[in-house]
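Beneath this line is the structure, given in structure tokens, with notes to follow.
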Amino acid sequence: QPFEFSTLIEKIDALTSKDQHPNPYRVLIVEDSQTQANILKKNLESAGIITHLLETPLEINNVLKNFQPDIILMDLYMPNCSGSELARIIRQQ
């Protein structure tokens, strides 16, 4: 469902306050639109969150092993693999 970006940032900010989590959170952004991915990356990094962009969903296994994200934000409609299909692959890991 659509969401308010400001609400997402507020919730992530509340979860990442320095009192609750000594290390910055790691967010994996899976998005085929470079523009949208850069907007998300910029806003999350301004809140002190470490991000990694993935434009090719089929490379998810390598990124999960190397980056080890705390949370994954992904587009539902991508070429070659939908967000729902990718979520199923991740759950199998």
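Table for the structure above
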| item | result |
| --- | --- |
| Test: residue in region 29-43 that is of a type outside the set (S, T, N, Q), in a strand (DSSP E or B), under 24 Å from Thr7 (Cβ atoms) and within 14 Å of the chain's Cα centre (by Cα) | yes |
| Verdict on Ile12 being modelled with pLDDT under 85, open to solvent by less than 80 Å² (accessible area, probe 1.4 Å) and touching a Phe, Trp or Tyr at 6+ places or on another chain (Cβ under 8 Å) | yes |
| Residues located in region 57-84, provided they are over 24 Å from Ala14 (Cβ atoms), surrounded by 11 or more Cβ atoms within 10 Å (Cβ to Cβ) and touching a residue at least 12 places away in the same chain (Cβ under 8 Å) | Pro57, Leu58, Ile60, Asn61, Val63, Leu64, Asp75, Met78, Cys81, Gly83 |
| Residues that are farther than 27 Å from Ser6 by Cα and touching a helix residue (DSSP H, G or I) at 6+ places or on another chain (Cβ under 7 Å), drawn from region 61-89 | Asn80, Cys81, Ile89 |
| Selection status of Thr51, among the β-branched types (Val, Ile, Thr) and open to solvent by 60 Å² or more (accessible area, probe 1.4 Å) | no |
| Residue within region 74-84 that is part of a helix (DSSP H, G or I) and hydroxyl-bearing (Ser, Thr, Tyr) present | yes |
| Enumeration of residues in region 24-38 that are exposed (fewer than 14 other Cβ atoms within 10 Å of the Cβ) and modelled with pLDDT of 90 or more | Gln34, Thr35, Gln36, Asn38 |
| Filter result (outside any loop (DSSP other than H, G, I, E, B) and of a type in the set (A, V, I, L, M)) within region 45-73 | Ile50, Leu53, Leu54, Leu58, Ile60, Val63, Leu64, Ile71, Ile72, Leu73 |
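The values are calculated or read from the model by the stated rules, or taken from the named source; none is laboratory data. All values derive from a computational prediction rather than experimental measurement. In this analysis, Cβ positions are derived from the backbone assuming ideal geometry, glycine residues included, and neighbour counts consider all displayed protein chains. For the accessible areas, the whole protein counts, side chains as well, though only heavy atoms, and no ligand, DNA or RNA atoms are used. Shrake-Rupley method; radii C 1.70, N 1.55, O 1.52, S 1.80 Å.
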